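Shown next, in structure tokens, is the structure this report addresses.
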């Protein structure tokens, strides 16, 4: 999934170390969210959310979800991290909010199916997802709790940093 050039999000700056927006950008994003929230319920219903995603990305599918301002902010940061190839850094820095977003049922566990629906946000391929659950599902219930997910993010960022160092040495 890619951001469309010229969309509002294209002009926001994501800090590459902490994967956060500046206060000025957060204020603009919050105002944008409130403009999109035509019902004044401090959420975007599934239709508004779909049209937002369709307007700013090349997303072709739609899942029915409502989203609040905090989730909206995290999603925008994820999209910008994806655009800047900082998915691993983002997951590592914001593992708890990412985990909470992926935990759709609120039972403090992430299933492979839920993670699989949103793996495109983190640039994770199907085989990597299978390996993730095989390697990090310590409890063996085919669900990741937060500790297992956090361990994955630590190992993932370590692998990315090693790969980057190897690529730099080859140049």
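General observations
- Wholly enclosed helices (runs of 4 or more DSSP H) of region 109-171 bearing at least 2 residues surrounded by fewer than 14 Cβ atoms within 10 Å (Cβ to Cβ): 126-136, 146-170
- Residue pairs meeting the criteria (Cβ under 8 Å; at least 6 apart or on separate chains; first in contact (Cβ under 8 Å) with a residue 24 or more places away in the chain and in the same structural domain as residue 110 (by TED's automatic domain parsing), in region 137-159; second assigned to a strand (DSSP E or B) and surrounded by fewer than 18 Cβ atoms within 10 Å (Cβ to Cβ)): none
- Note on region 1-19: residues that are part of a loop (DSSP other than H, G, I, E, B), touching a strand residue (DSSP E or B) at 6+ places or on another chain (Cβ under 9 Å) and without any contact (Cβ under 8 Å) to a residue 60 or more places away in the chain amount to 4.
- All told, residue 92 meets the bar of being crowded, with 20+ Cβ neighbours inside 10 Å, modelled with pLDDT of 90 or more and in a helix (DSSP H, G or I).
- Considering residues of region 85-111 that are touching a strand residue (DSSP E or B) at 6+ places or on another chain (Cβ under 8 Å) and without any contact (Cβ under 8 Å) to a residue 60 or more places away in the chain only, the residue nearest to residue 130 (Cα to Cα): 111
- Some residue of region 63-74 being outside any strand (DSSP E or B), buried (at least 20 other Cβ atoms within 10 Å of the Cβ) and not assigned by TED's automatic domain parsing to the domain that holds residue 135: yes
The values are calculated or read from the model by the stated rules, or taken from the named source; none is laboratory data. The model shown is predicted, which means the values in this text are computed figures rather than measured ones. Because the Cβ atoms are built from the backbone with ideal geometry, glycine has one as well, and the counts that use them run over all protein chains shown.
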